Amino acid sequence: MQTVNKDKYPFFDLLEVIAEPDLQFRKVKSLNPVKAGNFVPEFKLSNDYSHWQQFYNGAETHGHLLLRNLLSKPLVISFYSRHWGVQGLAQLKQLNALHHEVKAAGGSLLVISDERTDALDKLAWEHSLSLNFYHDEDKTIARQFRVYSDDYPVWDRFSGIDENAPLLATYVIEPNKQVIYNHIDWDFLGTFSTGDIVGAVYESALINNSKKSA
């Protein structure tokens with residue numbers, strides 16, 4: 001006598017089930033950026049002209065920037081990427097307003113960009129930027145400051161960004177490569193404190209000059 005299946009679903013044999021391979025989960029390791037008190041001994045800048053770009057009042061200039069002079073003073077380093085959109089532009093504008101004060105306090109200012117594009121030339125012209133850029137296209141320096149990692153793409157944390165890019169981070173480092181100030185814009189609540197940066201640069205320059213004259 002034939003058995004009639006009165007259930008809603010048909011019978012199936014467990015042997016017919018094809019086992020799927022175990023899913024491989026990528027372990028995400030959060031970024032742990034360098035902070036004040038840390039040293040960055042591996043930090044170096046290339047003499048290769050292709051890494052450098054200078055602007056004065058929006059126009060590109062081609063003067064020679066001496067690395068020795070740049071690194072012999074307290075140095076403000078700020079990481080920038082066009083992928084941050086309006087937040088990145090806001091940071092550039094604040095740096096532009098700051099660079100004269102940094103110089104007067106005895107320091108230098110350098111923007112580390114993750115790529116060299118015509119868009120930067122346009123941006124500099126539209127906003128009359130007077131800034132020095134170092135193009136870190138392989139993100140070597142960003143990795144040294146631990147503000148970039150292939151294992152922790154920024155889109156995992158921030159909405160509205162679809163490319164991996166260095167964090168919007170600003171540092172002051174002494175000639176001995178010790179970090180004396182750091183700021184990471186984690187929440188887009190505003191950029192760094194101008195007063196804190198100028199104060200850190202001035203104090204470091206004062207100590208550095210005292211050592212030279214001793």
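The values are calculated or read from the model by the stated rules, or taken from the named source; none is laboratory data. Keep in mind that what you see is a predicted model, and the values were worked out from it rather than measured. Please note: Cβ atoms are built from the backbone with ideal geometry, for glycine as well, and neighbour counts cover all protein chains shown.
What to note about this one:
- Residue within region 123-144 that is touching a residue at least 24 places away in the same chain (Cβ under 8 Å), more than 17 Å from the chain's Cα centre (by Cα), surrounded by 21 or more Cβ atoms within 10 Å (Cβ to Cβ) and not in a loop (DSSP other than H, G, I, E, B) present: yes
- Any hit, region 172-183, residues being in a loop (DSSP other than H, G, I, E, B) and farther than 23 Å from residue 65 by Cα: no
- Scanning region 145-165 for residues that are outside any loop (DSSP other than H, G, I, E, B) and farther than 15 Å from residue 32 by Cβ returns a single hit, 155.
- Count - residues of region 59-93 that are outside any strand (DSSP E or B), of a type outside the set (S, T, N, Q) and within 30 Å of residue 158 (Cα to Cα): 10
- Any hit, region 193-206, residues being part of a loop (DSSP other than H, G, I, E, B) and either surrounded by fewer than 19 Cβ atoms within 10 Å (Cβ to Cβ) or not hydrophobic (A, V, I, L, M, F, W, C) (or both): yes
- Looking only at region 162-192, residues that are at pLDDT below 75 and either surrounded by 16 or more Cβ atoms within 10 Å (Cβ to Cβ) or within 16 Å of residue 98 (Cβ to Cβ) (or both) come to 2 in all.
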